[in-house]
1. Would you check which residues across region 123-138 are open to solvent by 20 Å² or more (accessible area, probe 1.4 Å) and closer than 15 Å to Trp74 by Cβ and list them?
2. For region 85-92, state whether one or more residues are hydrophobic (A, V, I, L, M, F, W, C), modelled with pLDDT of 95 or more and closer than 20 Å to Met140 by Cβ.
3. Can you find a residue that is assigned to a loop (DSSP other than H, G, I, E, B), without any contact (Cβ under 8 Å) to a residue 40 or more places away in the chain and over 27 Å from Gly130 (Cα atoms) anywhere in region 76-88?
4. Mind listing whichever residues of region 72-88 are open to solvent by 70 Å² or more (accessible area, probe 1.4 Å) and more than 29 Å from Val45 (Cα to Cα)?
5. For residues that are open to solvent by 90 Å² or more (accessible area, probe 1.4 Å) and over 13 Å from the mean Cα position of the chain (by Cα), scanning just region 5-51, find the one that is nearest to Gly98 (Cα to Cα).
6. Just one of (1) modelled with pLDDT under 95; (2) among the polar types (S, T, N, Q); (3) within 21 Å of Tyr5 (Cβ to Cβ) trips up Gln153, so point out which.
Amino acid sequence: MKLQYHTAFSAVIAGILYMTFKSWGLAAACFISGIFIDLDHIIDVVREHGWSVKIKEFFQICHTSQFNRIFLLWHGWEWLVICAIAAWATEWNPWMNGTLIGLTSHMILDSYHNTLKLRSYSLIWRWKNGFIFDIVFPKMAVVKYKHRHLSSQNEN
């Protein structure tokens, strides 16, 4: 899902949380975590395309699924379990709770938008499948191949 949609959705959820609970910490943690979870895309882009990628190219690579393997270190249901335990252990600290809500909303949006398989966002499942993009994200692999086909047609 594109950054602007995650930003808008995170802002709405954070606003609702603030209006309901009057907690800046809860709202800020939700907003920040709902967006910045995507920083893990930097790792995959740099690993496959190098450090010389410009910002515009970075977003193009992500939106057209130009990956052979994809790790997405922070995109894992397993992190939500860890965050839920941490929120409970800290007696539902607003910052931990907000982080949990932000990460959860981001993961749900990505799961709905990017794949029909919930397991695609399991770190363990991706690891078992060698982090191979076409296996892990078959719906997005179609986008990748359409983009390659159109690019090759434009070059001719």
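1. Taking region 123-138 and keeping what is open to solvent by 20 Å² or more (accessible area, probe 1.4 Å), we get 123-125, 127-132, 134-135, 138.
Those that are open to solvent by 20 Å² or more (accessible area, probe 1.4 Å) and closer than 15 Å to Trp74 by Cβ: Leu123, Ile124, Trp127, Phe131.
2. Filtering region 85-92 for residues hydrophobic (A, V, I, L, M, F, W, C) gives 85-89, 92.
If we keep only those that are modelled with pLDDT of 95 or more too, we end up with 85-89, 92.
Of the ones still in play, those that are also closer than 20 Å to Met140 by Cβ are none.
No, because not a single residue in region 85-92 is hydrophobic (A, V, I, L, M, F, W, C), modelled with pLDDT of 95 or more and closer than 20 Å to Met140 by Cβ.
3. No, every residue in region 76-88 fails to be assigned to a loop (DSSP other than H, G, I, E, B), without any contact (Cβ under 8 Å) to a residue 40 or more places away in the chain and over 27 Å from Gly130 (Cα atoms).
4. From region 72-88, those open to solvent by 70 Å² or more (accessible area, probe 1.4 Å) are 73-74, 79, 81-82, 85, 88; that's our starting set.
Correct list: Ile85, Trp88.
5. Trp24
6. Failed condition: (3).
The values are calculated or read from the model by the stated rules, or taken from the named source; none is laboratory data. Keep in mind it's a predicted model, so treat the numbers as computed, not measured. Backbone-built Cβ (ideal geometry, glycine too); neighbour counts: all protein chains shown. What goes into the accessible areas is simple: the full protein's heavy atoms, side chains included, and nothing from ligands, DNA or RNA. Shrake-Rupley method; radii C 1.70, N 1.55, O 1.52, S 1.80 Å.
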